[in-house]
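Here is the structure we will look at, set down as C-alpha coordinates.
The values are calculated or read from the model by the stated rules, or taken from the named source; none is laboratory data. What you see is a predicted model, and the numbers here were worked out from it, not measured in a lab. Cβ placement follows ideal geometry from the backbone for every residue including glycine, while neighbour counts extend to all protein chains displayed. For accessibility, only protein heavy atoms count, side chains too; no ligands or nucleic acids. Shrake-Rupley method; radii C 1.70, N 1.55, O 1.52, S 1.80 Å.
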Amino acid sequence: MNEIHASLAQNLRALPRGAWILFFGTFLNKFGTFVMPFLAIYMTGIGYTIGQAGLAIASYGCGVLCASILGGYLADRFGRRKTIVLSMFSGAVAMLCLSQARSLPTYALFASFAGLTGELYRPASSALLADLVPAGQRVTAFAAYRMAFNAGWAFGPAVAGLLAKKSFLWLFVGDAATSVLFGLVALFALPAGLRGTRAENTLVETFRVLRDDRRFRQIVCAALLVGLVFVQAFSTMSLEITRAGFSPATYGLVISLNGVLVVLCELPLTTITKRFPTRSVIALGYVLIALGFGSNALTRTIPLLLLTITLFTFGEMISMPVASAYVADLAPAHQRGLYMGTYGLVWSVASICGPSLGMYLFSINHIALWLICAVLGLAASAIIFAGQRNQTPQDSAPSPNAVATSTTTPG
(Lines give C-alpha, C1' and ligand atoms only; values in the text may rest on other atoms or scores of the structure.)
Protein backbone atom coordinates (compact mmCIF):
# COMPACT_ATOMS: atom_id res chain seq x y z
CA MET A 1 0.00 0.00 0.00
CA ASN A 2 1.28 3.50 -0.87
CA GLU A 3 1.27 5.12 2.56
CA ILE A 4 1.38 8.69 1.25
CA HIS A 5 -1.78 8.33 -0.84
CA ALA A 6 -3.64 5.84 1.36
CA SER A 7 -7.01 6.89 2.75
CA LEU A 8 -7.48 7.65 6.43
CA ALA A 9 -9.42 4.40 6.88
CA GLN A 10 -6.58 2.42 5.30
CA ASN A 11 -4.01 4.14 7.49
CA LEU A 12 -6.02 3.41 10.64
CA ARG A 13 -6.61 -0.22 9.70
CA ALA A 14 -2.88 -0.63 9.15
CA LEU A 15 -2.08 0.31 12.75
CA PRO A 16 -1.11 -2.72 14.87
CA ARG A 17 -3.35 -4.06 17.63
CA GLY A 18 -0.93 -2.90 20.31
CA ALA A 19 -1.32 0.71 19.19
CA TRP A 20 -5.11 0.52 19.59
CA ILE A 21 -4.70 -0.94 23.08
CA LEU A 22 -2.42 1.98 23.93
CA PHE A 23 -4.99 4.47 22.57
CA PHE A 24 -7.71 2.86 24.69
CA GLY A 25 -5.59 2.92 27.83
CA THR A 26 -4.63 6.55 27.23
CA PHE A 27 -8.27 7.55 26.78
CA LEU A 28 -9.21 5.66 29.93
CA ASN A 29 -6.47 7.32 31.96
CA LYS A 30 -7.17 10.86 30.72
CA PHE A 31 -10.93 10.35 31.13
CA GLY A 32 -10.17 9.63 34.77
CA THR A 33 -8.14 12.80 35.34
CA PHE A 34 -10.66 13.94 37.93
CA VAL A 35 -8.62 15.57 40.67
CA MET A 36 -6.29 18.17 39.16
CA PRO A 37 -8.94 20.28 37.37
CA PHE A 38 -10.85 20.54 40.66
CA LEU A 39 -7.99 20.67 43.17
CA ALA A 40 -8.10 24.47 43.55
CA ILE A 41 -11.88 24.38 44.12
CA TYR A 42 -11.48 21.56 46.64
CA MET A 43 -8.70 23.24 48.61
CA THR A 44 -10.29 26.69 48.73
CA GLY A 45 -13.55 25.03 49.76
CA ILE A 46 -11.93 23.56 52.87
CA GLY A 47 -10.31 26.84 53.92
CA TYR A 48 -7.04 27.24 52.00
CA THR A 49 -6.32 30.48 50.14
CA ILE A 50 -6.06 30.74 46.38
CA GLY A 51 -2.30 31.24 46.74
CA GLN A 52 -1.95 28.08 48.82
CA ALA A 53 -3.96 26.09 46.30
CA GLY A 54 -1.72 27.51 43.59
CA LEU A 55 1.32 26.23 45.49
CA ALA A 56 -0.08 22.70 45.48
CA ILE A 57 -0.82 22.90 41.75
CA ALA A 58 2.68 24.26 41.09
CA SER A 59 4.08 21.31 43.06
CA TYR A 60 2.17 18.99 40.75
CA GLY A 61 3.76 20.76 37.78
CA CYS A 62 7.22 20.23 39.26
CA GLY A 63 6.45 16.53 39.52
CA VAL A 64 5.38 16.44 35.88
CA LEU A 65 8.64 18.15 34.92
CA CYS A 66 10.69 15.48 36.68
CA ALA A 67 8.54 12.74 35.14
CA SER A 68 9.56 13.79 31.63
CA ILE A 69 13.21 13.04 32.43
CA LEU A 70 12.77 10.01 34.68
CA GLY A 71 10.06 8.46 32.49
CA GLY A 72 12.29 8.54 29.44
CA TYR A 73 15.16 6.96 31.37
CA LEU A 74 12.97 4.18 32.79
CA ALA A 75 11.42 3.47 29.39
CA ASP A 76 14.84 2.91 27.84
CA ARG A 77 16.46 1.22 30.83
CA PHE A 78 13.72 -1.11 32.06
CA GLY A 79 11.23 -1.24 29.20
CA ARG A 80 8.16 0.61 27.94
CA ARG A 81 5.42 -1.61 29.38
CA LYS A 82 7.04 -1.89 32.80
CA THR A 83 7.29 1.91 33.02
CA ILE A 84 3.63 2.37 32.09
CA VAL A 85 2.53 -0.20 34.67
CA LEU A 86 4.73 1.38 37.35
CA SER A 87 3.32 4.82 36.52
CA MET A 88 -0.31 3.76 36.71
CA PHE A 89 -0.13 1.77 39.94
CA SER A 90 2.09 4.27 41.76
CA GLY A 91 -0.07 7.11 40.42
CA ALA A 92 -3.14 5.48 41.96
CA VAL A 93 -1.36 5.26 45.32
CA ALA A 94 -0.34 8.93 45.02
CA MET A 95 -3.94 10.02 44.42
CA LEU A 96 -5.19 8.14 47.46
CA CYS A 97 -2.39 9.70 49.53
CA LEU A 98 -3.38 13.14 48.26
CA SER A 99 -6.96 12.52 49.36
CA GLN A 100 -5.70 12.09 52.92
CA ALA A 101 -3.57 15.25 53.03
CA ARG A 102 -4.39 17.45 56.01
CA SER A 103 -1.83 20.28 55.81
CA LEU A 104 -0.34 22.49 53.12
CA PRO A 105 3.07 20.76 53.18
CA THR A 106 1.42 17.35 52.72
CA TYR A 107 -0.74 18.70 49.88
CA ALA A 108 2.38 20.03 48.16
CA LEU A 109 4.30 16.79 48.81
CA PHE A 110 1.59 14.42 47.57
CA ALA A 111 0.68 16.68 44.63
CA SER A 112 4.29 16.57 43.43
CA PHE A 113 4.29 12.79 43.99
CA ALA A 114 1.09 12.52 41.92
CA GLY A 115 2.60 14.61 39.11
CA LEU A 116 5.76 12.51 39.08
CA THR A 117 4.15 9.08 39.18
CA GLY A 118 1.06 9.87 37.12
CA GLU A 119 3.04 11.25 34.15
CA LEU A 120 5.93 8.76 34.06
CA TYR A 121 4.01 6.84 31.40
CA ARG A 122 4.04 9.62 28.79
CA PRO A 123 7.59 9.15 27.38
CA ALA A 124 7.17 5.37 27.63
CA SER A 125 3.88 5.47 25.71
CA SER A 126 5.37 7.61 22.95
CA ALA A 127 8.41 5.34 22.72
CA LEU A 128 6.21 2.23 22.67
CA LEU A 129 4.09 3.71 19.89
CA ALA A 130 7.25 4.33 17.87
CA ASP A 131 8.35 0.72 18.56
CA LEU A 132 5.03 -0.71 17.42
CA VAL A 133 4.25 1.40 14.37
CA PRO A 134 6.28 0.69 11.23
CA ALA A 135 7.68 3.16 8.73
CA GLY A 136 5.09 5.38 7.11
CA GLN A 137 2.37 5.22 9.74
CA ARG A 138 3.71 7.26 12.65
CA VAL A 139 2.06 10.58 11.77
CA THR A 140 -1.35 8.88 11.73
CA ALA A 141 -0.47 6.95 14.90
CA PHE A 142 0.52 10.05 16.86
CA ALA A 143 -2.56 11.91 15.63
CA ALA A 144 -4.75 9.04 16.85
CA TYR A 145 -2.85 9.02 20.15
CA ARG A 146 -3.47 12.77 20.56
CA MET A 147 -7.15 12.29 19.74
CA ALA A 148 -7.49 9.60 22.43
CA PHE A 149 -5.72 11.90 24.89
CA ASN A 150 -7.86 14.94 24.03
CA ALA A 151 -11.12 12.98 23.96
CA GLY A 152 -10.48 11.61 27.43
CA TRP A 153 -9.60 15.07 28.71
CA ALA A 154 -12.74 16.53 27.11
CA PHE A 155 -15.23 14.10 28.66
CA GLY A 156 -13.57 13.37 32.01
CA PRO A 157 -14.07 16.73 33.78
CA ALA A 158 -17.81 16.64 33.06
CA VAL A 159 -18.08 13.31 34.90
CA ALA A 160 -15.82 14.68 37.63
CA GLY A 161 -18.22 17.57 38.15
CA LEU A 162 -21.06 15.13 38.76
CA LEU A 163 -18.95 13.11 41.20
CA ALA A 164 -17.94 16.27 43.06
CA LYS A 165 -21.61 16.97 43.79
CA LYS A 166 -21.69 13.73 45.78
CA SER A 167 -18.32 14.03 47.50
CA PHE A 168 -14.87 15.23 46.52
CA LEU A 169 -13.51 11.95 47.87
CA TRP A 170 -15.06 10.23 44.84
CA LEU A 171 -12.79 12.31 42.59
CA PHE A 172 -9.69 10.85 44.23
CA VAL A 173 -11.10 7.32 44.23
CA GLY A 174 -12.25 7.58 40.60
CA ASP A 175 -8.91 9.00 39.48
CA ALA A 176 -7.05 6.18 41.23
CA ALA A 177 -9.43 3.54 39.86
CA THR A 178 -8.94 4.57 36.22
CA SER A 179 -5.17 4.56 36.73
CA VAL A 180 -5.38 0.99 38.06
CA LEU A 181 -7.51 -0.02 35.08
CA PHE A 182 -4.95 1.36 32.62
CA GLY A 183 -2.24 -0.38 34.63
CA LEU A 184 -4.07 -3.70 34.27
CA VAL A 185 -4.61 -3.11 30.55
CA ALA A 186 -0.90 -2.37 30.16
CA LEU A 187 0.17 -5.36 32.25
CA PHE A 188 -1.97 -7.96 30.48
CA ALA A 189 -2.64 -6.56 26.99
CA LEU A 190 0.12 -4.18 25.92
CA PRO A 191 3.12 -5.60 24.06
CA ALA A 192 6.48 -5.02 25.71
CA GLY A 193 7.99 -2.96 22.90
CA LEU A 194 11.75 -2.63 22.83
CA ARG A 195 13.14 -4.30 25.92
CA GLY A 196 15.26 -2.43 28.43
CA THR A 197 18.86 -1.67 27.50
CA ARG A 198 21.97 -0.64 29.37
CA ALA A 199 21.94 2.79 27.73
CA GLU A 200 22.96 5.44 30.24
CA ASN A 201 20.11 7.82 29.42
CA THR A 202 20.81 10.23 32.24
CA LEU A 203 20.49 14.00 32.31
CA VAL A 204 24.11 14.21 31.14
CA GLU A 205 23.22 11.99 28.19
CA THR A 206 20.30 14.28 27.38
CA PHE A 207 22.64 17.25 27.08
CA ARG A 208 25.03 15.17 24.98
CA VAL A 209 22.23 14.28 22.57
CA LEU A 210 21.14 17.90 22.34
CA ARG A 211 24.73 18.89 21.62
CA ASP A 212 25.38 16.24 18.97
CA ASP A 213 22.00 15.88 17.23
CA ARG A 214 21.46 19.13 15.36
CA ARG A 215 18.00 18.26 14.05
CA PHE A 216 16.76 17.23 17.50
CA ARG A 217 18.20 20.38 19.05
CA GLN A 218 16.35 22.50 16.50
CA ILE A 219 12.99 20.84 17.04
CA VAL A 220 13.38 21.08 20.83
CA CYS A 221 14.24 24.80 20.72
CA ALA A 222 11.39 25.51 18.31
CA ALA A 223 8.95 23.51 20.45
CA LEU A 224 9.92 25.50 23.55
CA LEU A 225 9.21 28.80 21.78
CA VAL A 226 5.90 27.68 20.31
CA GLY A 227 4.95 26.04 23.61
CA LEU A 228 5.35 29.34 25.47
CA VAL A 229 2.92 30.80 22.95
CA PHE A 230 0.42 27.96 22.86
CA VAL A 231 -0.17 27.77 26.62
CA GLN A 232 -1.54 31.34 26.50
CA ALA A 233 -4.74 29.83 25.10
CA PHE A 234 -5.50 28.43 28.55
CA SER A 235 -4.28 31.36 30.65
CA THR A 236 -4.00 34.92 29.38
CA MET A 237 -6.40 34.48 26.49
CA SER A 238 -9.26 34.23 28.96
CA LEU A 239 -8.18 37.59 30.41
CA GLU A 240 -8.01 39.12 26.93
CA ILE A 241 -11.53 38.01 26.11
CA THR A 242 -13.01 39.29 29.36
CA ARG A 243 -10.98 42.54 29.03
CA ALA A 244 -12.71 43.08 25.69
CA GLY A 245 -16.10 42.96 27.43
CA PHE A 246 -17.12 39.37 26.80
CA SER A 247 -18.27 37.00 29.53
CA PRO A 248 -16.27 34.03 30.83
CA ALA A 249 -18.90 31.85 29.18
CA THR A 250 -17.87 33.29 25.82
CA TYR A 251 -14.29 32.22 26.46
CA GLY A 252 -15.51 28.75 27.40
CA LEU A 253 -17.49 28.44 24.19
CA VAL A 254 -14.79 29.67 21.83
CA ILE A 255 -12.04 27.60 23.48
CA SER A 256 -14.25 24.51 23.20
CA LEU A 257 -14.02 25.01 19.43
CA ASN A 258 -10.36 24.02 19.76
CA GLY A 259 -11.28 20.60 21.15
CA VAL A 260 -14.05 20.06 18.60
CA LEU A 261 -11.76 20.87 15.68
CA VAL A 262 -8.99 18.61 17.01
CA VAL A 263 -11.33 15.64 17.43
CA LEU A 264 -13.02 16.12 14.05
CA CYS A 265 -10.19 17.29 11.81
CA GLU A 266 -6.74 16.25 13.06
CA LEU A 267 -6.80 12.66 11.86
CA PRO A 268 -8.18 13.50 8.38
CA LEU A 269 -5.54 16.23 8.03
CA THR A 270 -2.76 13.66 8.40
CA THR A 271 -3.65 12.19 5.02
CA ILE A 272 -2.67 15.57 3.53
CA THR A 273 0.30 16.52 5.69
CA LYS A 274 2.00 13.16 5.09
CA ARG A 275 2.41 14.12 1.42
CA PHE A 276 4.72 17.06 2.10
CA PRO A 277 8.25 17.47 3.52
CA THR A 278 8.21 16.95 7.27
CA ARG A 279 9.96 20.13 8.38
CA SER A 280 7.96 22.28 5.98
CA VAL A 281 4.73 20.97 7.50
CA ILE A 282 5.94 21.68 11.05
CA ALA A 283 7.08 25.18 10.08
CA LEU A 284 3.73 25.94 8.41
CA GLY A 285 1.88 24.86 11.54
CA TYR A 286 4.04 27.13 13.69
CA VAL A 287 3.31 30.07 11.36
CA LEU A 288 -0.43 29.51 11.78
CA ILE A 289 -0.01 29.39 15.57
CA ALA A 290 1.92 32.68 15.41
CA LEU A 291 -0.76 34.33 13.28
CA GLY A 292 -3.56 33.00 15.49
CA PHE A 293 -2.16 34.36 18.73
CA GLY A 294 -0.91 37.54 17.08
CA SER A 295 -4.46 38.26 15.92
CA ASN A 296 -5.41 38.78 19.58
CA ALA A 297 -3.83 42.23 19.24
CA LEU A 298 -6.69 43.23 16.91
CA THR A 299 -10.01 44.62 18.11
CA ARG A 300 -11.96 41.76 19.61
CA THR A 301 -15.19 40.68 17.92
CA ILE A 302 -16.86 37.28 17.86
CA PRO A 303 -15.82 36.60 14.23
CA LEU A 304 -12.21 37.52 15.07
CA LEU A 305 -12.28 35.33 18.15
CA LEU A 306 -13.40 32.42 16.01
CA LEU A 307 -10.68 33.24 13.46
CA THR A 308 -8.06 33.27 16.23
CA ILE A 309 -9.14 29.86 17.53
CA THR A 310 -9.36 28.40 14.04
CA LEU A 311 -5.91 29.64 13.01
CA PHE A 312 -3.96 28.36 16.00
CA THR A 313 -5.95 25.11 16.17
CA PHE A 314 -5.15 24.31 12.54
CA GLY A 315 -1.54 25.18 13.32
CA GLU A 316 -1.68 22.74 16.23
CA MET A 317 -3.27 19.98 14.16
CA ILE A 318 -0.83 20.41 11.27
CA SER A 319 2.38 20.63 13.27
CA MET A 320 2.08 18.60 16.45
CA PRO A 321 1.42 15.05 15.21
CA VAL A 322 4.11 15.50 12.56
CA ALA A 323 6.57 16.92 15.10
CA SER A 324 6.00 13.99 17.49
CA ALA A 325 6.51 11.50 14.68
CA TYR A 326 9.62 13.39 13.54
CA VAL A 327 11.19 13.19 17.01
CA ALA A 328 10.39 9.46 17.18
CA ASP A 329 12.00 9.01 13.75
CA LEU A 330 15.16 10.85 14.79
CA ALA A 331 15.70 8.69 17.86
CA PRO A 332 17.83 5.55 17.81
CA ALA A 333 15.66 2.66 18.96
CA HIS A 334 17.46 2.30 22.31
CA GLN A 335 17.03 6.03 23.07
CA ARG A 336 13.42 6.66 22.06
CA GLY A 337 12.42 7.14 25.69
CA LEU A 338 15.14 9.78 26.12
CA TYR A 339 14.15 11.63 22.94
CA MET A 340 10.41 11.55 23.64
CA GLY A 341 10.98 12.44 27.31
CA THR A 342 13.16 15.42 26.41
CA TYR A 343 10.62 16.61 23.84
CA GLY A 344 7.90 16.31 26.49
CA LEU A 345 10.14 18.12 28.97
CA VAL A 346 10.23 21.33 26.93
CA TRP A 347 6.44 21.33 26.78
CA SER A 348 6.34 20.88 30.56
CA VAL A 349 8.70 23.84 30.96
CA ALA A 350 6.48 25.89 28.66
CA SER A 351 3.38 24.87 30.64
CA ILE A 352 4.98 25.97 33.92
CA CYS A 353 6.70 29.16 32.75
CA GLY A 354 4.39 30.32 29.96
CA PRO A 355 1.31 31.34 31.98
CA SER A 356 3.27 33.38 34.54
CA LEU A 357 5.33 35.12 31.86
CA GLY A 358 2.16 35.79 29.89
CA MET A 359 0.38 37.22 32.92
CA TYR A 360 3.31 39.52 33.60
CA LEU A 361 3.39 40.84 30.04
CA PHE A 362 -0.39 41.15 29.96
CA SER A 363 -0.29 43.32 33.09
CA ILE A 364 2.17 45.66 31.38
CA ASN A 365 0.69 45.84 27.87
CA HIS A 366 -1.75 43.31 26.49
CA ILE A 367 -1.03 44.20 22.86
CA ALA A 368 2.70 43.71 23.42
CA LEU A 369 2.01 40.21 24.76
CA TRP A 370 0.26 39.10 21.57
CA LEU A 371 2.84 40.70 19.31
CA ILE A 372 5.59 38.91 21.23
CA CYS A 373 3.63 35.66 20.85
CA ALA A 374 3.56 36.22 17.08
CA VAL A 375 7.32 36.87 17.02
CA LEU A 376 8.06 33.75 19.08
CA GLY A 377 5.88 31.59 16.82
CA LEU A 378 7.54 32.94 13.69
CA ALA A 379 10.97 32.44 15.29
CA ALA A 380 10.06 28.79 15.97
CA SER A 381 9.09 28.40 12.33
CA ALA A 382 12.31 30.07 11.21
CA ILE A 383 14.38 27.62 13.29
CA ILE A 384 12.71 24.71 11.50
CA PHE A 385 13.09 26.32 8.07
CA ALA A 386 16.71 27.29 8.74
CA GLY A 387 17.59 23.66 9.34
CA GLN A 388 16.69 22.86 5.76
CA ARG A 389 19.71 24.74 4.41
CA ASN A 390 21.71 21.62 5.32
CA GLN A 391 18.75 19.30 4.86
CA THR A 392 18.99 15.55 4.82
CA PRO A 393 16.74 13.20 2.84
CA GLN A 394 14.62 12.80 5.97
CA ASP A 395 13.89 16.51 6.18
CA SER A 396 13.09 17.00 2.51
CA ALA A 397 11.05 13.84 1.92
CA PRO A 398 7.40 13.29 2.81
CA SER A 399 6.94 11.78 6.25
CA PRO A 400 6.58 8.09 5.27
CA ASN A 401 9.82 8.06 3.32
CA ALA A 402 11.50 9.99 6.11
CA VAL A 403 10.71 7.30 8.61
CA ALA A 404 12.35 4.61 6.55
CA THR A 405 15.68 6.44 6.47
CA SER A 406 15.84 7.60 10.04
CA THR A 407 15.12 4.89 12.55
CA THR A 408 18.69 3.62 12.71
CA THR A 409 20.57 6.94 12.81
CA PRO A 410 20.86 9.35 15.70
CA GLY A 411 21.06 12.36 13.40
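A few comments on the model shown:
- Of the DSSP H helices in the chain, those whose Cα atoms cover at least 18 Å axially and whose Kyte score averages 0.5 or more: 17-31, 50-77, 80-99, 104-118, 138-166, 169-189, 214-230, 248-273, 278-294, 302-330, 336-364, 366-386
- Accessible surface of region 302-348 [probe 1.4 Å, protein heavy atoms]: carbon and sulfur percent: 82 percent
- Among GLY63, ALA297, HIS366 - extreme Cα towards positive end, dipole of the chain, charges at beta-carbon: GLY63
- With all protein chains kept in place, the per residue accessible area of region 89-178 amounts to 37 square angstrom at a probe of 1.4 angstrom.
- Where labels lie 7 Å past Cα in the beta-carbon direction, separation of ARG214 and SER235 in nm: 3.3 nm
- Farthest toward positive dipole pole in region 1-109 [+1 Lys/Arg, -1 Asp/Glu at C-beta], among GLY91, LEU8, PHE78: PHE78
- Taking GLU240, GLU205 and ordering them by how much accessible surface each has at a 1.4 Å probe, largest first, produces GLU205, GLU240.
- Charge dipole of the chain about the Cα centre (unit charges at C-beta), most positive-ward option of ALA148, ALA160, MET43: ALA148
- Under the Debye formula (equal points on every Cα, no solvent term), log10 I(q)/I(0) of region 102-157 at q = 0.13, 0.23, 0.26, 0.31 Å⁻¹: -0.51, -0.94, -1.02, -1.12
- Relative contact order, percent, region 35-123 [alpha-carbon distance under 8 Å, six or more residues apart]: 41 percent
- Accessible-area value, LYS82, 1.4 Å probe, nucleic acids and ligands omitted, Å²: 140 Å²
- Over the chain, dividing the summed -39,500 (n - 2.57) contributions of all DSSP H runs of at least 4 residues by the number of residues returns a 222 nm mean residue ellipticity of -26500 deg cm²/dmol.
- Choice from THR278, THR308, THR83 with maximal GNM fluctuation in the chain (Cα, 10 Å cutoff): THR308
- Sequence-distant lysines (8 or more away, or on other chains) whose Cα lies within less than 25 Å of LYS82: LYS30
- Net lengthening on full extension, ILE364/GLN100 (0.36 nm per residue, minus Cα-Cα): 91.0 nm
- Basic side chains Lys and Arg get +1 at the Cβ, acidic Asp and Glu get -1 at the Cβ, and with that the dipole of the chain about its Cα centre reaches some 380 debye.
- A protection proxy built from the mean count of other Cβ atoms within 10 Å ranks the segments 222-231, 64-73, most packed first, as 222-231, 64-73.
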